[in-house]
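Visitor: Encoded as structure tokens, here's the structure I'll be asking about.
The values are calculated or read from the model by the stated rules, or taken from the named source; none is laboratory data. Computed from a predicted structure; not experimentally measured. Here the Cβ positions follow ideal geometry from the backbone for every residue, glycine too, while neighbour counts run over all protein chains shown. Quick note on the areas: whole protein, heavy atoms, side chains included, nothing else; ligands and nucleic acids left out. Shrake-Rupley method; radii C 1.70, N 1.55, O 1.52, S 1.80 Å.
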Amino acid sequence: MQLRALMYFDELVRTNSMRAAAENLNVAATAVSRQIENLEHYFGTPLVERSNRGIKLTAAGELLAARAGRTLRELEHVHQLIDDLQGLQRGKVVIYANGATVANLIAPVLAEFSLRYPKLRFEVAITSAREAVEALAGAEADLVVTLFAPKISGVKVRLRSEITYDVIMAADHPSAGARELTLRDLVHMPLALPDKNFGARQAFEELFAKDGLELDPVFVTGSLEMLKELVLRRAAVTLLPALAVQREIDAGQLAAVPIAAGKEVRTPIDLCVAPDRQLSFAAGKLVDFIERFMRGADARKSAPKRASA
């Protein structure tokens, strides 16, 4: 069996069309059909049923499809390991991150790492926590950085840290110079928060409920950019890790005020890898780099940088 035939079959499964698969592979449709026939001859059974409405996988085809993608990804990983013989001169790292908040936290890390190793390439997917860890278990990702990661076999938490949420407001907000704010203070402010599908929002609800307080945000959105824009326009304050808006804080546009001691909102952030798969040299270096950043963030939490009003 040739690797090309398996690649053509995997593309056919992905597109569900001989024509679309051929276009993506930049070959004739007859070439795709011929490679599928080669596979069927190799396995001794039909893999697809052809009709005017497209193709449908047989039971044997379904079985092969479930394994072909992973096999090809593992081969790509082997290719990456061979590239490692060249050190950090080439290669690609695939990172899955859970949500825009995490993306904002790791963006400066990736930027700095890329400047050090400009010949490397990076692919970053922003997904749900479950999709991220499933991608790692399925060999689609090299590493995952996520909040509230579900427990899935085939995933190892390399480092668990915590991020603390501060009250984020415009730098000229009347409370921007406060040493801290209480939860009761926040109830009387116009809030912009993520919707209840987000783990962070659920953590906010639980914390406020313990104090007998009810959250009634003026704005609810799943967009980090929208939250920031509403705060910049002084329409609301929000709850975010200061690191997620560090650029705006450094520019004097936003301020981060801590919540009163003992009432902080804290959520876990996990750096995950696959325990049964050797990281490429590039991915391993990046994991070490992110780990140092996360440990450094832990050390900075007790004295975060704030903008003055």
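Visitor: Set the Förster distance to 30 Å, then compute FRET efficiency between residue 92 and residue 24 from the Cβ-Cβ distance, nearest 0.05.
Guide: Efficiency, from the Cβ-Cβ distance: 0.95.
Visitor: Counting each DSSP H run of 4 or more residues in the chain as -39500 (n - 2.57), what helix-only mean residue ellipticity at 222 nm follows after dividing by all residues, to the nearest 500 deg cm²/dmol?
Guide: Calculated at 222 nm, the ellipticity per residue is -14000 deg cm²/dmol.
Visitor: Modelled label-to-label distance, residue 260 and residue 219, 7 Å Cα→beta-carbon offset: nm?
Guide: Output for this residue pair reads 2.7 nm.
Visitor: Go ahead and set up a Gaussian network model of the chain, Cα springs under 10 Å, then flag whichever of 52, 26, 38 fluctuates most.
Guide: The residue that fluctuates most here is 52.
Visitor: Where the centre of each part is set by its Cα atoms, how far does segment 237-296 sit from segment 205-234, in angstrom?
Guide: Between the Cα centres of segment 237-296 and segment 205-234 lies a distance of 20 Å.
Visitor: Return the distance in nm (one decimal) between the two label points of a simple spin-label model at residue 226 and residue 276, each offset 7 Å from Cα along Cα→Cβ.
Guide: My value for the distance between the label points is 4.1 nm.
Visitor: How much length is gained on full extension from residue 67 to residue 126, taking 0.36 nm per residue of separation minus their Cα-Cα distance?
Guide: Here the segment from residue 67 to residue 126 would lengthen by 18.8 nm.
Visitor: Right, next: Can you tell me which of 249, 55, 126 moves the most in a GNM of the chain? Springs connect C-alpha atoms under 10 Å apart.
Guide: Highest fluctuation of the listed residues: 55.
Visitor: Let me ask something additional. Around residue 166, which amide H atoms from residues at least 5 apart in sequence, or from another chain, sit under 5 Å from its own amide H, with H modelled in the peptide plane?
Guide: HN-HN under 5 Å from residue 166: 240, 242.
Visitor: Of the candidates 111, 59, 137, which one comes out as most mobile in a Gaussian network treatment of the chain with C-alpha springs shorter than 10 Å?
Guide: Judging by the Gaussian network model, the answer is 59.
Visitor: Run the 1.4 Å probe and let me know the accessible area of residue 188, rounded to the nearest 10 Å².
Guide: 150 Å²
Visitor: Per 0.36 nm of contour for each residue apart, how much would the distance between residue 49 and residue 187 grow if the chain were fully extended, relative to their Cα-Cα spacing?
Guide: 43.6 nm
Visitor: I need the P(r) histogram for the chain: all alpha carbon pairs, bin width 20 Å from 0 out to the longest distance, whole percents.
Guide: P(r) for the chain, in whole percents per bin: 28, 45, 24, 4.
Visitor: Can you flag which of 151/210; 92/228; 92/119; 156/228; 92/285 are past 21 Å Cα-Cα?
Guide: Too far apart for the 21 Å limit: 151/210; 92/228; 156/228.
Visitor: While we're on this one: On a full-extension model of 0.36 nm per residue, what is the gain between residue 112 and residue 197, subtracting their alpha-carbon distance, rounded to one decimal in nm?
Guide: That pair, residue 112 and residue 197, stretches by 27.4 nm at full extension.
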